[in-house]
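Chemist: The structure that follows is given in the form of structure tokens.
The values are calculated or read from the model by the stated rules, or taken from the named source; none is laboratory data. This is a predicted model, so every value here is computed, not measured. Every residue, glycine as well, gets a Cβ built from its backbone with ideal geometry; the counts of neighbours run over all protein chains shown.
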Amino acid sequence: MLDSPDACTRFLKSFSQLQNNKILVHGGGKIATQMAAQLSIETQMVDGRRITDKAMLDVVTMVYGGLVNKNLVAQLQSLQCNALGLTGADAGIIRSVKRPVKTIDYGYVGDVEEVRSVVLKTFIEAGLVPVIAPLTYSQEGMLLNTNADTMASATAVGLANDFPTSLIYCFEKKGVLSDPENDESVIPVLNPDSYAAYKADGVIYKGMIPKLDNAFAALKQGVSKVIICHADDLEKAVSGNAGTTLVL
């Protein structure tokens, strides 16, 4: 969505029209890769995950926390949506621990430890719409590159005690597909048993697995509903008329 100005505009218009309390957690990985190339900084990926050395941390901080985040905030303001651009470090809303080195050293990558939902609740009750970039901070004061799907899931879980909370993942497909070559083959409802069966059959694989693992974990920790849908279908998905709904 972020790679296409038209798609981004359509999504933000839909997002701005949602009437309930809302938070937007965004990514921007492809833009970070493009910026790194312009700066002659090599991008290293392992199984779709970015290795974040010091040079790449500087790039993702500029791109996620600056370029992408502030452009989204400005566009939402033009749509009368009073957005507040944040990283996890701002007001200490999302704290992480630097991922320990095992077989792979991911560098300055964070695994979420704490979401200060009381601060987010204060922003929401003040009529603000938090727009959160995928950066967190450590207790030692480091900025850390952090998976946006994980941040969205952790944020939804953190707020579930205060609000009936839905977690909606928007991307370029219409939902979880039973046939990756057929965009219309949306699985309308997915539960843990059917999820395990689709994985065993190789229907669900690669990047969808961590997204769905996060989603089911969120349901188990109090999130009311999880939906995976196309960015253009956001409003329909909120009404239950699009995408894949996950249930326990």
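Chemist: Report yes if Ser117 is in contact with a helix residue (DSSP H, G or I) (Cβ under 6 Å, 6 or more places away or on another chain), among the hydroxyl-bearing types (Ser, Thr, Tyr) and buried (at least 16 other Cβ atoms within 10 Å of the Cβ), otherwise no.
Modeler: Spelling it out, Ser117 is indeed in contact with a helix residue (DSSP H, G or I) (Cβ under 6 Å, 6 or more places away or on another chain), among the hydroxyl-bearing types (Ser, Thr, Tyr) and buried (at least 16 other Cβ atoms within 10 Å of the Cβ).
Listed here are the residues, each with its yes/no results for (1) in contact with a Leu (Cβ under 8 Å, 6 or more places away or on another chain); (2) of a type in the set (A, V, I, L, M, F, W, C); (3) over 17 Å from Leu57 (Cα atoms).
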position	(1), (2), (3)
Lys102	no, no, yes
Gly107	yes, no, no
Gly110	yes, no, no
Glu114	no, no, yes
Thr122	no, no, yes
Leu128	yes, yes, yes
Thr136	yes, no, no
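Yes or no, residue by residue, for (1) under 13 Å from the mean Cα position of the chain (by Cα); (2) exposed (fewer than 14 other Cβ atoms within 10 Å of the Cβ):
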position	(1), (2)
Thr155	yes, no
Thr165	no, no
Tyr169	yes, no
Val176	no, no
Glu181	no, yes
Ser185	no, no
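Chemist: Still on this structure, I have one more. Just to be sure, is Gly110 assigned by TED's automatic domain parsing to the domain that holds Met56, of a type outside the set (S, T, N, Q) and either within 21 Å of Val46 (Cα to Cα) or not in a loop (DSSP other than H, G, I, E, B) (or both)?
Modeler: Judged against the criteria, Gly110 is a match.
Chemist: Let me ask something additional. State yes or no: is Asn82 under 22 Å from Thr155 (Cα atoms) and surrounded by fewer than 17 Cβ atoms within 10 Å (Cβ to Cβ)? If you could, list the steps in order and put the result at the bottom.
Modeler: Values: under 22 Å from Thr155 (Cα atoms): yes; surrounded by fewer than 17 Cβ atoms within 10 Å (Cβ to Cβ): yes.
Here the answer is yes, as Asn82 does meet what is asked.
Chemist: Residue by residue through segment 174-207, note down the ones that are under 15 Å from Val247 (Cβ atoms) and in a loop (DSSP other than H, G, I, E, B).
Modeler: Gly175, Val176, Ile187, Pro188, Asn191
Chemist: Check off (1) among the hydroxyl-bearing types (Ser, Thr, Tyr); (2) closer than 23 Å to Gly88 by Cα; (3) not assigned by TED's automatic domain parsing to the domain that holds Leu24 for Thr155 and give me the number that stays unchecked.
Modeler: Going through the list (1) among the hydroxyl-bearing types (Ser, Thr, Tyr); (2) closer than 23 Å to Gly88 by Cα; (3) not assigned by TED's automatic domain parsing to the domain that holds Leu24, Thr155 breaks only (3).
Chemist: Hey, among Ala126, Ala148, which residue is assigned by TED's automatic domain parsing to the domain that holds Gln80 and touching a Pro at 6+ places or on another chain (Cβ under 6 Å)?
Modeler: None of the others qualify; the one that does is Ala148.
Chemist: Further question: Condition check: of a type in the set (Val, Ile, Thr), under 26 Å from Lys236 (Cα atoms), touching a strand residue (DSSP E or B) at 6+ places or on another chain (Cβ under 6 Å) and not assigned by TED's automatic domain parsing to the domain that holds Gln75. Does Ile168 satisfy that?
Modeler: yes
Chemist: Now a separate question. Any idea which of Asp162, Asp149, Asp111, Asp183 is touching a residue at least 60 places away in the same chain (Cβ under 8 Å) and under 26 Å from Leu24 (Cα atoms)?
Modeler: Asp149
Chemist: Right, another one. Go through segment 206-224 and report how many residues are more than 13 Å from the chain's Cα centre (by Cα) and basic (Lys, Arg).
Modeler: Selection size over segment 206-224: 2.
Chemist: Another one. State the number of residues belonging to segment 51-77 that are within 12 Å of Thr33 (Cα to Cα) and either assigned to a loop (DSSP other than H, G, I, E, B) or among the polar types (S, T, N, Q) (or both).
Modeler: 1
Chemist: Same structure, new question: Is it the case that Ala133 is buried (at least 21 other Cβ atoms within 10 Å of the Cβ) and not β-branched (Val, Ile, Thr)?
Modeler: When the stated conditions are applied, Ala133 passes them.
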